[in-house]
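Notes follow once the structure below has been shown.
Since every read-out is calculated from the coordinates, none of them should be taken as a lab result. All of these numbers come straight from a predicted model, not from anything done at the bench. Cβ coordinates were reconstructed from backbone atoms using ideal geometry, including for glycine residues, and neighbour counts include every protein chain displayed.
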Amino acid sequence: MNVKIISDSACDLPEEIIEELDIDILPIVVIKDDKEYLDKVTIDPKIMYDNMRKGAVYKTAQIPPTVFQEEFEKVAKSGRPTIYIAFSSGLSGTYQTAVMVRDSLKDKYPEMDLDIVDSRSASVGFGVLVHKAGKMAKEGKSKQEISKMLDFYVKHIEHIFTVDDMETLFRGGRVTRTQAFVGGLLNIKPVLDIPEDGTLRPVEKIRGRKKVLGRMIEIMDERGGHADLKNQTIGINHGDNLEGALKLKEMIEEKYGCTDFIINIIGCAIGAHSGPGTLSVFFLNKKYEE
């Protein structure tokens, strides 16, 4: 019996990949004006970004425990070995809630075969893990083999991204009001990453979009190792900025010769906090070669 892969909507994988690999996706809750929506189910990212450009503010909430309970009871009754790959515990309580619900079901379903993995990642950086796990499951790999791969990827996946408007970072508590104001005046584009603990970390501040893309490529070179990047699956996603994503892809192709990309719009779960115009790139660092 093939391993079942479950994840949540913060992985931002394209719908065709989710369907092809039969991955179950649990939607994160998105809130606007006290009304709740389900990411990519009852709210579309493009509509959210259009509204954000007009000044709308969105918030997010964890997947309710009842949703996890329903999903995990299906797993238990199926008898199928299953892995739930969760949004980073450094950015959300989703992982902790999933573990709590699973553990609460152990007495009722002692034979339940469910592992829960903290991706310590977000968006397509997280999605690269889910994609790889889904492919291995489809190929008939064991839960142990998939878990070993996930442990490796969690330790070595790199997230490099920039946001278009520092006001969004201010609302999320990542910069001060003064920093956001001055950043807007000077056209400063912050570069951020997600370190191994799965939190969010500012790296640099660059003036101008053209320069920030160049610097993102330089960081790829510093962290990724030029020779190996060519053979990797490179993740790119965007906050309703496909033109920017394709430009970034072109720059990566030209510098490294990469041919395998996953490109997608950032969903509402992440986009509510990063805002329109965000660009991200995800790859494996060169530490795993050492």
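Where does the chain land at 222 nm, in deg cm²/dmol rounded to the nearest 500, when only DSSP H runs of n ≥ 4 count, each adding -39500 (n - 2.57), divided by all residues? Let's see the in-between values first.
Working: 12 runs with 127 residues, N = 290.
Calculated mean residue ellipticity at 222 nm is -13000 deg cm²/dmol.
By average Cβ neighbour count within 10 Å, what is the ranking of 233-240, 122-129 from highest down? Provide the component values of the computation, followed by the final result.
Details: 233-240: 24.4, 122-129: 28.5.
Output ranking for 233-240, 122-129: 122-129, 233-240.
Give me, ordered by chain and number, the residues 5 or more places off residue 189 or on other chains with an amide H under 5 Å from its own placed amide H.
Hits under the 5 Å cutoff: 206, 207, 208.
Over the range 186-285, calculate the relative contact order: mean separation of alpha carbon pairs under 8 Å at least 6 apart, over the residue count, as a percent. Let's see the in-between values first.
Numbers: 139 pairs, mean separation 28.4, N = 100.
Reported as a whole number, the value is 28 percent.
Can you give me the orientation-averaged projected area of the convex hull built on the Cα atoms of the chain, in nm²? Walk me through the intermediate numbers first.
Details: hull surface 59.7 nm².
For the chain, the mean projected area of the Cα convex hull comes to 14.9 nm².
Compute the acute angle (0 to 90°) between the alpha-carbon long axis of helix 209-224 and the principal axis of greatest extent of the alpha-carbon atoms of the chain; round to the nearest 10°.
Roughly 50 degrees between the two axes.
Take the alpha carbon atoms of the range 81-139, find their radius of gyration, then divide it by 2.2 N^0.38 Å using N residues; give the quotient. Don't skip to the end; give the middle numbers.
Working: Rg = 12.5 Å, N = 59, 2.2 N^0.38 = 10.4 Å.
Working it through for the range 81-139, the quotient is 1.21.
Using a cut-off of 12 Å between beta-carbons, work out the net charge of the residues near residue 248 (Lys and Arg +1, Asp and Glu -1, residue 248 not included).
Spelling it out: positives minus negatives among the neighbours equals +2.
Could you derive backbone 3J(HN,Hα) for the range 231-244 from the dihedral phi with the Karplus parameters 6.51, -1.76 and 1.60 (θ = phi - 60°), listing whole Hz in sequence and x where the residue is Gly or Pro?
Per-residue couplings from phi come out as 9, 9, 7, 9, x, 9, 9, 8, x, 6, 9, 4, 4, x Hz.
Quick one: Karplus J couplings for the range 133-141, per residue in order, coefficients 6.51, -1.76, 1.60, θ = phi - 60°, nearest Hz, x for Gly and Pro?
Using θ = phi - 60°, the values come out as 4, x, 5, 5, 4, 5, 7, x, 5 Hz.
Which loop GluC sites (Glu not before Pro) in the range 91-166, with loop taken from DSSP, have no more than 13 other Cβ atoms within 10 angstrom of their Cβ?
Working: sites: 111, 139, 145, 158; in loops: 111, 139.
Qualifying residues, ordered by number: 111, 139.
Skipping prolines and chain starts, which residues have an amide H placed within reach, meaning under 5 Å, of the one on residue 43, given they are 5 or more residues away or on another chain?
Excluding prolines and chain starts, which carry no amide H, the hits are 38.
Given the options 55, 110, 38, identify the residue whose Cα lies farthest towards the positive end of the charge dipole of the range 1-127 (+1 on Cβ of Lys, Arg; -1 on Cβ of Asp, Glu).
Comparing the listed Cα positions along the dipole, 55 ranks first.
Compute the angle between helix 143-156 and the longest alpha-carbon principal axis of the chain, please, reported from 0 to 90 degrees and rounded to the nearest 10.
It works out to around 20 degrees.
Lys/Arg Cβ at +1, Asp/Glu Cβ at -1, dipole of the range 249-290 taken about the Cα centre: which of 257, 272, 284 is farthest positive-ward?
272
So what J values fall out for the range 54-64 if you push phi through Karplus, 6.51 cos²θ - 1.76 cosθ + 1.60 with θ = phi - 60°, rounded to Hz, Gly and Pro as x?
Couplings: 8, x, 5, 10, 10, 10, 10, 9, 5, 4, x Hz.
Using modelled backbone amide H atoms (1.01 Å from N, in-plane), which distant-in-sequence or interchain residues come within less than 5 Å of residue 241's amide H?
Under 5 Å from the amide H of residue 241 lie the amide H atoms of 277, each far enough along the sequence or on another chain.
Got the relative contact order for the chain handy, in percent, Cα pairs under 8 Å and 6 or more residues apart? Don't jump to the answer; show the numbers that get you there.
Values: 569 pairs, mean separation 67.7, N = 290.
Over the chain, the number comes to 23 percent.
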